[in-house]
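Just so it is clear, none of the values below were taken in a lab; they were calculated from the coordinates. Just so it is clear, the structure is predicted and the values come from calculations on it, not from any experiment. Cβ atoms come from the backbone with ideal geometry, glycine included; neighbour counts cover every protein chain shown.
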Amino acid sequence: MAGVLTMAGCAKDSGSGDAGAAGGDGGGGEAGSCVTQDAPAAPEGEAEPEAERNTDADASDLKVGLAFDVGGRGDASFNDAAALGVDEAVEQLGAEKGAESPAQGTESEDAKQQRLEQMANQGNNPIIAVGFAYAEAVAAVAPKHPDTEFAIVDDDSVEAENVTSLVFAEEEGSFLAGVAAAYKTTDCQVGFIGGVDTPLIQKFEAGFEQGVEAAGGDNIEIRNEYLTPAGDISGFNDPAKANVMAGAMLSQGTDVVFHAAGASGQGVFEAAAQNDALAIGVDSDQYEQKTLAEVRDVIVTSMLKRVDVAVYDYIAALAEGNTDELPERFDLSVDGVDYSDSNSDIEDITDELEGYKQAIIDGEIDVSDQTQG
């Protein structure tokens, strides 16, 4: 395995010392577990409500085009989250659903530009490019259509008056995924599978490893792998390859695997189901996805990257002419990232997760977006 980050052996059979001291009041970190560190105290009283969503904007003049990343609508992950944001803007704000088109895993840069050009010429406005792979295409096409608004998810490199960047603190949400993995592993071995080895996906890995180590110290072994190298985005749509890779991790003793691999995640979940292990989803609440119903029981939680929130908020802000008021980054403090609690198996560590979450929001924990390697 490429990248075993923490090699200390498990202390599952150790009933002495501080190995069983963690967990706060939430029931995690029992004696003999892999958790070695106390969790920050959970906030008292009821949880803070999610940020209120603007439902008053009138977006009836907007025809929203979606240029999907590889996998398109139906990937049960990243693209579906973007699609949900548009669907909700159509329902709540009266926006018109425009053209939709997915990228192909091996398509050329010209193909991306042609997709955006065609959407602009068809009158879609705004056009939302889903994924960093569109950065060069947006930079080339947007200046040719100054009266068309563009947004790009996961990239902030395009500087143009008619381009809005929607970026996230993936490392913060992934930190919580790492904490969950630390509490849920029984063999003190967890894994991360990234779709494509890029700086963006490395942010997921970075946050995950910090969360594991915050809860488990040097007691938990972390394995990490990527399906494809930078430049080959097919890693986001290759469940078969992900199944093999996850299966190899599990055969070595890993019992909780977190993926940041788009539609490839289905292969991770299938491997977990085949090996009586657990998995952590990404982007959408994958436990609730209909296409994953047969493997949902292994999905203990998902790292929520609220692309739906960012897309909806962008459309609402554009309708009111105030996109400058959007967050610079969608982080924990604005519900831009989070963890899902739809699977009741996460309930026993909710206090611990909420404690870490609040500590990050309050600035008591600073999560780096850089991997240790």
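Values computed for the structure shown
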quantity	calculated
Rotationally averaged projected area of region 79-174 (alpha carbon convex hull; nm²)	6.8 nm²
Rounded FRET efficiency, nearest 0.05, which uses the C-beta distance separating ALA230 from GLU364 and R0 of 41 Å	0.75
Point-to-point label distance, GLU136-ALA248, nm (Cα→Cβ direction, 7 Å offset)	2.9 nm
Point-charge dipole on Cβ atoms (K/R +1, D/E -1) for region 214-345, about Cα centre, debye to 20	440 debye
Length added when fully stretched, ASP38-ASP147, from 0.36 nm per residue minus Cα-Cα	33.8 nm
Radius ratio Rg over Rh of the chain, counting only Cα atoms, Kirkwood formula for Rh	0.99
Contour excess over end-to-end distance, with Cα ends at GLN104 and GLU328 and 0.36 nm allotted per residue	77.7 nm
Estimated 222 nm signal from helices in the chain, with DSSP H stretches of n ≥ 4 weighted -39500 (n - 2.57), rounded to 500	-10000 deg cm²/dmol
Per residue Cα convex hull volume in Å³ - calculated over region 318-364	88 Å³
THR186-ARG73 FRET efficiency (beta carbon distance; Förster radius 25 Å; 0.05 resolution)	0.10
Span per principal axis, largest first, for the Cα atoms of region 238-335 (Å)	53, 23, 21
Whole-number percent relative contact order across the chain, with pairs defined as alpha carbons under 8 Å at least 6 apart	22 percent
Region 286-373: radius of gyration over Cα atoms, expressed as a fraction of 2.2 N^0.38 Å	1.33
Overall Cα dimensions of region 76-118, principal axis frame, Å, largest first	36, 24, 9
Gyration tensor (alpha-carbon) shape descriptor, region 44-106, a/c threshold 1.5	oblate
Extension gain from SER342 to THR291, taking 0.36 nm per residue of separation minus the Cα-Cα distance	16.8 nm
Region 132-216: GluC sites (Glu not before Pro) falling in loop per DSSP and having at most 10 other Cβ within 10 Å	GLU159, GLU161
